[in-house]
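**Q** So that we are looking at the same thing, I have put the structure below in structure tokens.
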Amino acid sequence: MLETYNTYHPDLKEECGVCGVFAHRDSAHLVYLGLTSLQHRGQESAGIVSINGRMNRHTGMGLVFDVFKKEHFQNLRGHTSIGHVRYSTHGSSIIKNAQPLLVSTPYGQVAVGHNGNFTNADSVKKQLELGGAIYQTTSDTEIILHLIARSKKKNLPEAISHALKKVEGAYSLLFASDRDSQNKPGSMMIAVRDPHGFRPLVLGRLGSSWVVASETCAFDLIGAKTVREIEPGEMIVIENNQNFKSYRIAEKLPKTSLCIFEFIYFARPDSKIFGKSVYEVRREMGRQLARESPPPKGIDCVIAVPDSSVVAALGYAEQAHLPFEIGFIRSHYVGRTFIEPSKPMRDFRARIKYNPIRENLKGKKVVLIDDSIVRGTTSKKLIRMLRDAGIQEIHMRISSPPIVGSCFYGIDTPTKEELIASSHSVKDIQKFIGVDSLEYLTIPGMLKSAKGDAAGYCVSCFSGKYPTKIYQEKSAKK
Ligand code: AMP
């Protein structure tokens, strides 16, 4: 049942990554490196806040390497730093929304980086506004700072815990403050994961320093070791390098809702999240897809849409006893914006990113693996490029089930109407994108590959059933 609040349209499409380092003389540099490993989680803005007596912040639009120059680190001294990478809708692609946000509160200066989405942000925002809140950003993350500032608790951990009782949805949050849990000058880093556990969040150790990141690939780069995941509904407070304190912000739920799309597309294959290797799960999804939807006779090879589908394609090829071939080269130097040619070129947007290797494809019959079909427009263009390259037959296999619902928990999916599988049958989609056959992984097959049942994972984009109340449908991009 959808309830409509005719007020704000908060940014529902935030894909993000967070990284923090506590008690290291080079904390800002380490966070910077960690953020480069998390770049796939957000390419629109990046930022770091460091504590050095007072708190300093540098944020900018673009990739981590573009945002930070050597001179910025002069201002980011201190033993504790947190950082954030973000991607959001076009409408809110503005510098003031770059995180970590930094504000003054009754608990000292507080910085926060958020991965996820508060599903009730709209109504909380409205209530706060009626109480006098003035917003600096259009991001839903800011409401948590307003709730903290108003909580009237004795310290920041209690204030955060109190504030989080008022929000719903997905949040892996990383805070830093220039006061300790006695509310005295010092430094504190706090990591919290929502009770459903939608987004990953991991705790690590680097010598005697503490590290927190969205994914373990950030630890590998800086040489940190994984200690453990922050549990769904857990808050970890770090204020010395010996030990951390663990609190529950909510009762344990009978079932968690770990985002299965992290395994399918979003997380990096060299990361371990939700206790499992992304590579292993993704490869098993490919094998399972081959068991469920084997190739027709006479196939020459398996190819993938790079890069996100390569691991699943390897699994498919292994299970089907077919060679894996490189079908496309993907340019890694193309960002989200580019200058279009004045004379329209067919499939320009796909062609600038992907180019088929014609010599490898001419006259061949292939299985083409992609990890997902969202709107179907990229697939259609890629298929046309393959046909132009002289391919004979294309049998497309998708290593996830049809996406029938928008994500409200931090993955950038469009409105339900824009999702091709929400209104079209598999046969219709096959015809639309122009392949000789099309098959998807099943929901049970996907869950089996991730070694879990529906009780542990959020599969709402595939089932249309949401584990929390959804207040308003996603609105179209402006
Ligand atoms: P579409 O043309 O909308 O069907 O796009 C499908 C392609 O988008 C697939 O190759 C996916 O790997 C990729 N994809 C899936 N989810 C996302 C996402 N959240 N952000 C960017 N690309 C995605």
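**Q** Nearest 5 percent is fine: what portion of the DSSP beta bridges confined to the chain is antiparallel?
**A** About 80 percent, rounded to the nearest 5.
**Q** Let me ask another. Starting from segment 371-426, pick out the trypsin sites (Lys or Arg not before Pro) whose DSSP state is loop and whose Cβ has at most 14 other Cβ atoms within 10 Å.
**A** For trypsin sites (Lys or Arg not before Pro) across segment 371-426 that sit outside H, G, I, E and B with at most 14 neighbouring Cβ atoms in 10 Å, the list reads Arg375.
**Q** Tell me, what is the FRET efficiency for Glu231 and Ser437 to the nearest 0.05, using R0 = 51 angstrom and their Cβ-Cβ distance as r?
**A** Efficiency computed from Cβ-Cβ geometry: 0.75.
**Q** Which of Lys69/Lys451; Lys343/Lys431; Lys152/Lys252 have a Cα-Cα distance over 31 Å?
**A** Those over the limit are Lys69/Lys451.
**Q** Toward the positive end of the charge dipole of the chain, about the Cα centre and with charges on Cβ (Lys, Arg +1; Asp, Glu -1), which of Leu101, Val124, Gln136 goes farthest?
**A** It is Gln136, whose Cα lies furthest towards the positive end.
**Q** Just to be sure I understand the model, the point goes 7 Å from the Cα along the line to the Cβ. What's the resulting His321 to Arg291 distance in nm?
**A** 1.7 nm
**Q** Students often get this wrong, so check it: of Lys125/Lys474; Lys126/Lys255; Lys297/Lys364; Lys272/Lys474; Lys125/Lys469, which have C-alpha atoms separated by over 20 Å?
**A** Lys126/Lys255; Lys272/Lys474
**Q** Output the antiparallel fraction of DSSP beta bridges having both residues in segment 277-452, as a percent to the nearest 5.
**A** For segment 277-452, the DSSP antiparallel bridge percentage is about 15.
**Q** Just need the relative contact order of the chain here, percent rounded to a whole number, with Cα pairs under 8 Å and 6+ apart.
**A** Value for the chain: 14 percent.
**Q** Related question: Take the alpha carbon gyration tensor of segment 16-254, find the square roots of its eigenvalues, order them as a ≥ b ≥ c, and report rounded if a/c is under 1.5; if not, report prolate when a/b exceeds b/c, else oblate.
**A** It comes out rounded by the Cα gyration axes.
**Q** Roughly how many whole Å is it from the C-alpha centroid of segment 117-173 to that of segment 223-298?
**A** 26 Å
**Q** Another question, then. Need one word for segment 317-434: rounded, prolate or oblate. Basis is the Cα gyration tensor (sqrt eigenvalues a ≥ b ≥ c); a/c below 1.5 gives rounded, then a/b vs b/c decides.
**A** Oblate is the answer for segment 317-434, as a/c is 1.5 or above yet b/c matches or exceeds a/b.
**Q** Using a 7 Å offset from the Cα along the Cα-to-Cβ direction at both Lys245 and Arg330, what is the distance between the two label points in nm, to one decimal?
**A** 4.4 nm
**Q** Another question about this same structure. How high is the relative contact order of segment 16-254, given as a whole-number percent (alpha carbon pairs under 8 Å, six or more residues apart)?
**A** 20 percent
**Q** Accessible surface of His332 in the full protein assembly, 1.4 angstrom probe, to the nearest 10 Å²?
**A** 110 Å²
**Q** How high is the relative contact order of segment 277-452? Use alpha-carbon pairs under 8 Å, at least six apart in sequence, and give a whole percent.
**A** Result for segment 277-452 is 25 percent.
**Q** State the percentage of accessible surface on segment 277-452 attributable to carbon and sulfur atoms; use a 1.4 Å probe and exclude ligands, DNA and RNA.
**A** Accessible surface attributable to carbon and sulfur in segment 277-452 totals 53 percent.
**Q** Let me ask something else. Test of understanding: what is the full-extension gain from Arg346 to Thr415, defined as 0.36 nm times their sequence separation minus their Cα-Cα distance?
**A** That pair, Arg346 and Thr415, stretches by 22.3 nm at full extension.
**Q** For segment 277-452, what is the accessible area per residue in Å² when the probe is 1.4 Å?
**A** 45 Å²
**Q** Now for a separate question. Please work out the FRET efficiency for the pair Lys69 and Arg387, using the Cβ-Cβ distance as r and a Förster radius of 56 Å; give the result to the nearest 0.05.
**A** FRET efficiency, Lys69 to Arg387: 0.80.
**Q** Suppose accessible area is computed on protein heavy atoms with a 1.4 Å probe; arrange His162, His79, His321 from highest to lowest.
**A** His321, His79, His162
**Q** I would also like to ask the following. Assigning unit charges at the beta carbon (Lys, Arg +1; Asp, Glu -1) and nothing else, what dipole magnitude in debye, to the nearest 20, does the chain show about its Cα centre?
**A** 280 debye
**Q** Tell me, what is the 1.4 Å probe accessible area of Cys407, in Å² to the nearest 10?
**A** Around 10 Å² of this residue is reachable by solvent.
**Q** Keeping all protein chains in place and using 1.4 angstrom, which order do Glu158, Glu44 fall into by accessible surface area, from largest down?
**A** Glu158, Glu44
**Q** Something else about it: Taking the Cα atoms only, what angle lies between the long axis of helix 278-292 and the longest principal axis of the chain, rounded to 10 degrees?
**A** It is inclined by approximately 30 degrees.
**Q** For a Förster distance of 25 Å, can you work out the FRET efficiency between the beta-carbons of Ser277 and Leu253, rounded to the nearest 0.05?
**A** So, using R0 = 25 Å, E works out to roughly 0.50.
**Q** Could you report the accessible area of Phe274 in Å², rounded to 10, computed with a 1.4 Å probe on the protein chains as they sit in the structure?
**A** Rounded to the nearest 10, that gives 20 Å².
**Q** Kindly provide the GluC sites (Glu not before Pro) of segment 392-478 that DSSP labels as loop, not H, G, I, E or B, and whose Cβ sees at most 15 other Cβ atoms within 10 Å.
**A** Glu473
**Q** Going by alpha carbons, how many degrees (0 to 90, nearest 10) lie between the helix axis of 377-388 and the longest principal axis of the chain?
**A** With rounding to tens, the tilt is 30 degrees.
The values are calculated or read from the model by the stated rules, or taken from the named source; none is laboratory data. Remember, predicted model here, so these are calculated numbers, not experimental data. All Cβ positions, glycine included, derive from the backbone under ideal geometry; neighbour counts span all protein chains shown. The protein model used for the area step is the full one, side chains on, heavy atoms only, and it has no ligands, DNA or RNA in it. Shrake-Rupley method; radii C 1.70, N 1.55, O 1.52, S 1.80 Å.
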